[in-house]
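Chemist: Can you keep this structure in mind? I'll have questions shortly.
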Amino acid sequence: MKIVEAAAPAGPTDVEQAQVLVKAYQKVTAELGNIIVGQQEVIEQLLIAILARGHCLLEGVPGLAKTLMVRGLSQVMELSFRRVQFTPDLMPADIMGTEVINEDPVTGRRTMNFLPGPLFAQMILADEINRTPPKTQSALLEAMQEHSVTIGGKTYPLPEPFFVLATQNPIEQEGTYPLPEAQRDRFLFHVKVAYPQREQEREIVTRTTSAFEASAQPVITGPEIIACQKLVRKVPVPDHVMDFVLDLVRCTRPHEADALGFVKELVEWGAGPRASQFLVLAGKVRAMLQSRFHVTLDDIEAVALPILRHRIIPTFNAEAEGVNADAIVQRILKAVPRGTPAKVL
């Protein structure tokens, strides 16, 4: 008798995976709602950054639940979490790890063993990153870009998926070390966490001053996140959307020949090519979270502000007039013409 092997079942299509991603996104936001009141826009931007394989810089005054938000996000995604409190005396070895000498009690032979630091986790909360000197801040550069660290001539890969979510306080400037431009450019989003609305603050006070206990259940795993990151890159970008991205980023550069007049006056340095890359990637993620398998101009506009605000350096005149990067980006968004999809004949 001839035995015929059964064919392997077909894997899920991209459309089915996209539907799973949308459902997972809805569940994640619902679970985070059990522990975080409001901040829907911030949560959406965090999830977009994670699915785009990027990092986030969170800026907000103390007490806005930034740490709780990141910790809760790691719980619903079943990711290992480590919090690093950045201080002026923190050294690179304190976060990356160091090599230690171990001696065998029997043979007396000494060996060098690597002791991993808190950076070896999937989700890193770099709390008050602007309170540590540049020497320690720069220790994150290789980890954020290459997802690895090099110590003693050896390169150690970090667990995947890997994300750095850094926080900084915009109020206190004394004793702080502003992030260099090269390192700020490594962050996909610069998210500003605002004060809650009145009713939201009432709910926060009620929850935190009663016997209420918040909890969040896991929704998605690390391997599933990696699969979603690969799926996102398959989302097509129409030509008119790509043209809009290029026009938007190039309009931030005052030294271009066709730069806008107010850009030459208000901008010292504009955004680099990494801004264009992140605009496309973040737009792809947002499109999928909106149950669409193509990027629109609305997707790009929705992510433009948190992507461009930390990549534009205002001039001295702009700062003197109280014009910040946010106002410049919004003005550029209004000035850049919107293209229309090409008609198929």
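The values are calculated or read from the model by the stated rules, or taken from the named source; none is laboratory data. Just so you know, these numbers come straight off a predicted model, no measurement behind them. Here the Cβ is made from the backbone with ideal geometry for all residues, glycine too, and neighbour counts use every protein chain on show.
Chemist: Please give the strands (runs of 3 or more DSSP E) falling wholly within the stretch 122-170 in which 2 or more residues are more than 19 Å from the chain's Cα centre (by Cα).
Modeler: Details: elements: 123-127, 148-151, 154-157, 163-168.
Of the strands (runs of 3 or more DSSP E) lying wholly inside the stretch 122-170, those with at least 2 residues that are more than 19 Å from the chain's Cα centre (by Cα) span 148-151, 154-157.
Chemist: Next question, about the same structure. Given (1) in a loop (DSSP other than H, G, I, E, B); (2) surrounded by 14 or more Cβ atoms within 10 Å (Cβ to Cβ); (3) modelled with pLDDT of 85 or more, where does V219 come up short, assuming only one miss?
Modeler: The failed condition is (3).
Chemist: Which count do you get for residues in the stretch 225-260 that are without any contact (Cβ under 8 Å) to a residue 24 or more places away in the chain and under 30 Å from P161 (Cβ atoms)?
Modeler: Adding up the residues that qualify gives 1.
Chemist: Which pairs do you get when a residue that is within 23 Å of M77 (Cβ to Cβ) and touching a residue at least 12 places away in the same chain (Cβ under 8 Å), found in the stretch 204-220, comes within reach of a residue that is β-branched (V, I, T) and assigned to a loop (DSSP other than H, G, I, E, B), reach meaning Cβ atoms under 8 angstrom, with the pair 6+ apart or on two chains?
Modeler: Pairs found: R207/V37; A214/I35; S215/I35; A216/I35.
Chemist: Here's a follow-up. Of everything in the stretch 307-317 that's buried (at least 16 other Cβ atoms within 10 Å of the Cβ) and part of a helix (DSSP H, G or I), which residue is farthest from the chain's Cα centre (by Cα)?
Modeler: Per the stated criteria, the residue is L308.
Chemist: Based on what the data block shows, is A271 in contact with a strand residue (DSSP E or B) (Cβ under 8 Å, 6 or more places away or on another chain) and under 26 Å from L58 (Cα atoms)?
Modeler: Spelling it out, it is not the case that A271 is in contact with a strand residue (DSSP E or B) (Cβ under 8 Å, 6 or more places away or on another chain) and under 26 Å from L58 (Cα atoms).
Chemist: Considering the stretch 186-210 alone, what residues qualify as being of a type outside the set (A, V, I, L, M, F, W, C) and under 14 Å from Q45 (Cα atoms)?
Modeler: Answer for the stretch 186-210, where residues must be of a type outside the set (A, V, I, L, M, F, W, C) and under 14 Å from Q45 (Cα atoms): H190, K192.
Chemist: Of all the residues that make up the stretch 42-97, how many are crowded, with 18+ Cβ neighbours inside 10 Å and over 19 Å from the mean Cα position of the chain (by Cα)?
Modeler: Within the stretch 42-97, residues that are crowded, with 18+ Cβ neighbours inside 10 Å and over 19 Å from the mean Cα position of the chain (by Cα) number 6.
Chemist: I'd like the residue in the stretch 184-209 that is touching a Cys at 6+ places or on another chain (Cβ under 8 Å) and in a loop (DSSP other than H, G, I, E, B) and, out of all such residues, is surrounded by the most Cβ atoms within 10 Å (Cβ to Cβ).
Modeler: Here the answer is L188.
Chemist: Restricting attention to the stretch 79-99, which residues are among the hydroxyl-bearing types (S, T, Y) and closer than 11 Å to I151 by Cβ?
Modeler: Hit for the stretch 79-99 is T98, nothing else.
Chemist: May I ask you to verify whether V245 is over 27 Å from R311 (Cα atoms), part of a helix (DSSP H, G or I) and either in contact with a helix residue (DSSP H, G or I) (Cβ under 6 Å, 6 or more places away or on another chain) or not assigned by TED's automatic domain parsing to the domain that holds E265 (or both)?
Modeler: no
Chemist: Give me the pairs: first residue in the stretch 155-167 and free of Cβ contacts under 8 Å to residues at least 12 places away in the same chain and on the phi < 0 side of the Ramachandran plot, second residue buried (at least 20 other Cβ atoms within 10 Å of the Cβ) and among the hydrophobic types (A, V, I, L, M, F, W, C), beta-carbon distance under 8 Å, and six or more apart or on different chains, which are they?
Modeler: Short answer, once both residue conditions are applied: T155/V149.
Chemist: OK, next. Being among the basic types (K, R) and outside any loop (DSSP other than H, G, I, E, B) is the filter; apply it to the stretch 265-306 and report the residue that is nearest to R331 (Cα to Cα).
Modeler: R274
Chemist: Also: In this structure, does E5 turn out to be assigned to a helix (DSSP H, G or I), at pLDDT below 80 and surrounded by fewer than 18 Cβ atoms within 10 Å (Cβ to Cβ)?
Modeler: No; evaluated as a whole, the condition is false for this residue.
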